[in-house]
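K.L.:
Let me begin by handing over the structure; questions about it come next.
We did not get these values from a lab; they are worked out from the coordinates using the rules stated. Treat the numbers as computed from the prediction; the structure is a model and nothing was measured. Please note: Cβ atoms are built from the backbone with ideal geometry, for glycine as well, and neighbour counts cover all protein chains shown.
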Amino acid sequence: MEHQSSPTPHVLIFPLPLQGHVTPMLNLAELFCLANLKVTFLNTTHNHKRLTRYTNTEARFACYPGFRFKTVHDGLPDDHPRAGASNVKGWLKEMIQALASNGKSLLREILVGEKETEKVTCLVTDGWMSFANEVANEADVPVIAFRCPSACCNWTYFCIPKLIDAGEVPFKAEYLKLPYLDAYLNKEGNFSHGANFAVAGSTALSTDDLAAKKILAQATRSSLLPVQLAWFRSHLPSVCPNPSDWKNKLANALFIIETGGNDFNYAFFGGKTMQEVRSMVPQVIGGIRKAVEELISVGATKIVVTGQFPIGCMPIFLASFQSNDANMYDELKCHRGMNDFAMFQNDYMQQTIREIQREHPTVKIVYADYFTAVKLLLQNAASLGFDKDATQRACCGRGNNAYNFDPTNMCGSGFPVCENPNKSVSWDGVHMTEHAYKVMAMWLLKHNIVPSLS
């Protein structure tokens, strides 16, 4: 008898129709696609229109033949704002009730499928969507409730109002006597002194380029190329309506480009070998070069490009790539292999800056030496007020190792915090403490950036 293979598992993903829930669900969908599962993503018509208009989500998933989008109307009038922090419980309850009334029949059709091969194997949905659980139970389809907001998100949400009341935030850039730059997407932002186009977790390469290498950008879809540069181009007319005046306007501006690190972080923690990650360096640095050259083309004359940290000294890398070979560690007990990679990346970046500088001798392009700044901090930890015996130990979180770091028990609500964070270099194993960043920034401004720009 001829053997018949089992049909490919089919997962239906149905998120709560809010950005903070749709985005992580899309990341989960991509992981399923990379595992060769068939995936249907059920989104509201309203949200899907926004996705296709403002992001490249359709192009992102076009390379996965087993993926498809389905849409359902959320049951609310088209002019409903579907937003508002002052009455979030009210309109959110209204939306879920309307969605339940309007979407049950379509959900049931998808779960059952017109053909046996289309039947859904498993439903992944938000815990908020209780009506989806009921429909799945009726169709005898297993359900996985996915909790999208992280503990860190909830912790921040509840703590920020208290920090504002205490006067701890917003922080001020005291050294330059300027307020911090408002985020470009903040429609109420004050951009009279500049704008911030950066996004936490973003990359230099587009997420499509990374996906082609089977690297998943986990934190955001934003990247230097093309997203953040496109934002910058769209912002320029609001600063200077006449393009012929751009060069004069931007000649007095300072541009800072800090990117590339996450491209390699996602690669390392995605299982890529050192050789594979090293092979990415020319393309990543090449992307940064394109950004610098585009800024110069519209009139930039002062550009700071940052280098890589000594990642081999960070708890996240030390805990994740531990070795019993003592030769793998230097005099500061940092991982030699990871720091060698960081130096290789930095050397390539500096050579690229020198090449651009020769082509544009009237433009000042400064390399911000993060590697040296942090290495000097570690070498002089005691005199700078840090605990020299805990420079590679996370202050916040819970890890059953010398670095107090475990990716499944990272800093968040309910996790222990060291007694005096100002004596620690690492805050959560990934980021440094405020004191460490201040020491690093002061060295960069005094010995590196300001002298080079003067």
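K.L.:
Counting other C-beta atoms within 10 Å, and keeping those with at most 15, which DSSP coil GluC sites (Glu not before Pro) do you find in segment 308-393?
P.N.:
Those that pass, being in a loop and sparsely packed, are Glu331.
K.L.:
Follow-up. How high is the FRET efficiency from Asp389 to Asp325, r the C-beta distance, R0 25 Å, rounded to 0.05?
P.N.:
0.65
K.L.:
Oh, and also: Treat each spin label as a single point 7 Å out from the Cα along the C-beta direction, and report the Asn102 to Ser130 distance in nm.
P.N.:
That separation, rounded to one decimal, is 2.1 nm.
K.L.:
So if each residue of separation counts as 0.36 nm, and I subtract the Cα-Cα distance between Asn186 and Leu453, what length gain in nm does that give?
P.N.:
93.2 nm
K.L.:
Over 29 Å between Cα atoms: which of Lys49/Lys249; Lys38/Lys213; Lys213/Lys375; Lys290/Lys388; Lys272/Lys364 fall into that group?
P.N.:
Over 29 Å apart, Cα to Cα: Lys49/Lys249; Lys213/Lys375; Lys290/Lys388; Lys272/Lys364.
K.L.:
Where the centroid of each part is defined by its Cα atoms, how far is segment 280-330 from segment 20-66 in Å?
P.N.:
Cα centroid of segment 280-330 versus Cα centroid of segment 20-66: 29 Å apart.
K.L.:
What does the extension gain come out to for Thr8 and Ala402, with contour length at 0.36 nm per residue minus their alpha carbon separation?
P.N.:
137.5 nm
K.L.:
Please return the longest range in the chain lying between exposed loop sites, taking trypsin sites (Lys or Arg not before Pro), DSSP loop only, at most 12 other beta-carbon atoms within 10 Å, and leaving the sites out.
P.N.:
215-454
K.L.:
Another one. On average over all directions, what projected area in square nanometres does the chain have, based on the convex hull of its Cα atoms?
P.N.:
Reported value for the Cα convex hull: 27.4 nm².
K.L.:
Further question on the same structure: Give me the number: length gained by fully extending Cys159 to Glu359, i.e. 0.36 nm times residue separation minus the C-alpha to C-alpha distance, one decimal in nm.
P.N.:
Gain on stretching Cys159 to Glu359: 67.1 nm.
K.L.:
Treating only the Cα positions of segment 10-146 as identical point scatterers, give the base-10 log of I(q)/I(0) from the Debye formula at each q in 0.10 Å⁻¹.
P.N.:
Listed by q, the Debye log ratios stand at -0.31.
K.L.:
Please work out the ratio of the alpha-carbon Rg of segment 234-375 to 2.2 N^0.38 Å and round it to two decimals.
P.N.:
1.25
K.L.:
Moving on. Could you tell me whether segment 263-339 comes out rounded, prolate or oblate from its Cα gyration tensor? Rule is a ≥ b ≥ c as square roots of the eigenvalues, rounded for a/c under 1.5, then prolate if a/b exceeds b/c, otherwise oblate.
P.N.:
prolate
K.L.:
Using Cβ contacts closer than 10 Å as the measure, can you line up Asp79, Asp389, Asp182 from fewest to most?
P.N.:
Listed from fewest to most nearby Cβ atoms, that is Asp79, Asp389, Asp182.
K.L.:
Taking amide H atoms as placed 1.01 Å from N in the peptide plane, list the residues 5 or more away in sequence, or in a different chain, whose amide H sits under 5 Å from that of Tyr329.
P.N.:
The answer is Arg336.
K.L.:
Here is a further query. Nearest 20 debye, what's the magnitude of the dipole of the chain about its Cα centre given +1 on Lys and Arg Cβ and -1 on Asp and Glu Cβ?
P.N.:
780 debye
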